[in-house]
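The values are calculated or read from the model by the stated rules, or taken from the named source; none is laboratory data. None of the values given here were measured: they were computed from a predicted structure. Note that we place each Cβ from the backbone using ideal geometry, even for glycine, and neighbour counts take in every protein chain shown. Each accessible area value is taken on the protein alone, full model and side chains, heavy atoms only, with ligands, DNA and RNA left out. Shrake-Rupley method; radii C 1.70, N 1.55, O 1.52, S 1.80 Å.
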Amino acid sequence: MESYIEGFVKYLTEIKKSSKNTILSYQRDLRKFFAYLGDAGITDIKKVNNTSLNSYILYMERENFAPSTVSRNIATLKAFFNYLFKQGILEHDPAERLKAPKVEKKIPGILTVEEVTLLLSQPSGNSNKEIRDKAMLELLYATGIRVSELISLTLDDLNMTSGYIRVQEGSRERVIPFGSVAKQALKNYLSNARTGMIASDDETVLFTNCSGQPMSRQGFWKVLKQYAKRAGIEEDITPHTLRHSFAAHLVENGADLHSVQEMLGHSDVSTTQIYARITNNRIREVYAKAHPRA
């Protein structure tokens, strides 16, 4: 059945222009599903029906998979079998009526403005590494981009004159502005540190590790943990915490949801609305603490 996955991946890559992360996620989900089918003695894709799909979902629930994981797997199966149906490989779509379980959206952890300021002030040295780290952290909070997008930026994606970066996600492109503080940190990095870090003058990646190679997600994670510990921040923060903080602070200060949605690259504004909930919760907390008749 591997050939069906290969055909699906080609379709996602060439027709849908899906991101690498999305494609890898689909592949992982489908290989686990095919392993389950193999254990059940099903080796022909045309023998898969609604009953076998529901059995797989029940299996995941019995194994205590998180509702979000079950939902993602259902989305994968629906996309895959819809593809097989449209290609004429299957006469009907067995996943058409599959329904994902309701997933309660958790309010993400965010930092206060004071905590962000403290975190971003930690890399204050004059070494190439600290100058680079300062630029990365400032840019991450200034734009709300994902860490995968941060480490994929090239020199061509950066417009210092106008103060914006360009981020490519699959076939979609978005342009995000950044402010004067991030601009100054980037200027310092480009003028005083980057040349001493890159392995070759031909290197186009904006940020490299200390060996001159493109930085990994794990490498940046370690950088963030180091400065969070130095700042005395006890919460278990991740690169996504700065993304959430960026969005929540914008909404808290009056930014409209559609603008924040565009900067974050959310396809649906309902995903962005969670930051309005955070703001409303904070208003209620302030009211409860300060109003004499609360």
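Is it true that Ser71 is out of contact with any His (no Cβ under 6 Å at 6 or more places or on another chain) and farther than 28 Å from Gln168 by Cβ?
On the way: out of contact with any His (no Cβ under 6 Å at 6 or more places or on another chain): yes; farther than 28 Å from Gln168 by Cβ: no.
When the stated conditions are applied, Ser71 does not pass them.
Identification of helices (runs of 4 or more DSSP H) wholly contained in the range 1-86 with 2 or more residues that are acidic (Asp, Glu) yields 2-14, 20-39.
The residues of the range 89-121 that are open to solvent by 30 Å² or more (accessible area, probe 1.4 Å), part of a loop (DSSP other than H, G, I, E, B), modelled with pLDDT of 85 or more and of a type outside the set (Lys, Arg), listed by number, are Ile89, Glu91, His92, Glu96, Thr112, Ser121. Contact map, the range 163-174: residues that are within 24 Å of Lys187 (Cβ to Cβ) paired with residues that are buried (at least 16 other Cβ atoms within 10 Å of the Cβ) and modelled with pLDDT under 85, Cβ distance under 8 Å, separation 6+ or inter-chain. Pairs shown: Val167/Gly265; Arg174/Met263; Arg174/Gly265.
Just to be sure before I move on: is Phe220 under 17 Å from the mean Cα position of the chain (by Cα), closer than 14 Å to Lys134 by Cα and either surrounded by 12 or more Cβ atoms within 10 Å (Cβ to Cβ) or touching a residue at least 40 places away in the same chain (Cβ under 8 Å) (or both) in the structure I sent? Even if it seems obvious, please write down each step before you answer.
Working: under 17 Å from the mean Cα position of the chain (by Cα): yes; closer than 14 Å to Lys134 by Cα: yes; either surrounded by 12 or more Cβ atoms within 10 Å (Cβ to Cβ) or touching a residue at least 40 places away in the same chain (Cβ under 8 Å) (or both): yes.
For Phe220, the condition - under 17 Å from the mean Cα position of the chain (by Cα), closer than 14 Å to Lys134 by Cα and either surrounded by 12 or more Cβ atoms within 10 Å (Cβ to Cβ) or touching a residue at least 40 places away in the same chain (Cβ under 8 Å) (or both) - is met.
Within the range 156-190, being in a helix (DSSP H, G or I) and within 21 Å of Tyr141 (Cβ to Cβ) holds for Asp157, Ser180, Val181, Ala182, Lys183, Gln184, Ala185, Leu186, Lys187, Asn188, Tyr189, Leu190.
Could you check, for the range 230-239, whether at least one of its residues is in contact with a Pro (Cβ under 8 Å, 6 or more places away or on another chain), in a helix (DSSP H, G or I) and either open to solvent by less than 10 Å² (accessible area, probe 1.4 Å) or at pLDDT below 90 (or both)? Please lay out each step first, then the result.
From the range 230-239, those in contact with a Pro (Cβ under 8 Å, 6 or more places away or on another chain) are none; that's our starting set.
No, the range 230-239 contains no residue that is in contact with a Pro (Cβ under 8 Å, 6 or more places away or on another chain), in a helix (DSSP H, G or I) and either open to solvent by less than 10 Å² (accessible area, probe 1.4 Å) or at pLDDT below 90 (or both).
Would you check if Ser148 is hydroxyl-bearing (Ser, Thr, Tyr), in a helix (DSSP H, G or I) and either open to solvent by 60 Å² or more (accessible area, probe 1.4 Å) or on the phi > 0 side of the Ramachandran plot (or both)? Even if it seems obvious, please write down each step before you answer.
On the way: hydroxyl-bearing (Ser, Thr, Tyr): yes; in a helix (DSSP H, G or I): yes; either open to solvent by 60 Å² or more (accessible area, probe 1.4 Å) or on the phi > 0 side of the Ramachandran plot (or both): no.
Answer is no for this residue.
Could you check the range 1-58 and list, in sequence order, the residues that are open to solvent by less than 40 Å² (accessible area, probe 1.4 Å) and among the acidic types (Asp, Glu)? Once the filter is applied, which keeps residues that are open to solvent by less than 40 Å² (accessible area, probe 1.4 Å) and among the acidic types (Asp, Glu), the range 1-58 yields only Asp29.
Within the range 124-136, if we keep just the residues that are at pLDDT 95 or above and open to solvent by less than 40 Å² (accessible area, probe 1.4 Å), the residue that is nearest to Ala228 (Cα to Cα) turns out to be Asp133.
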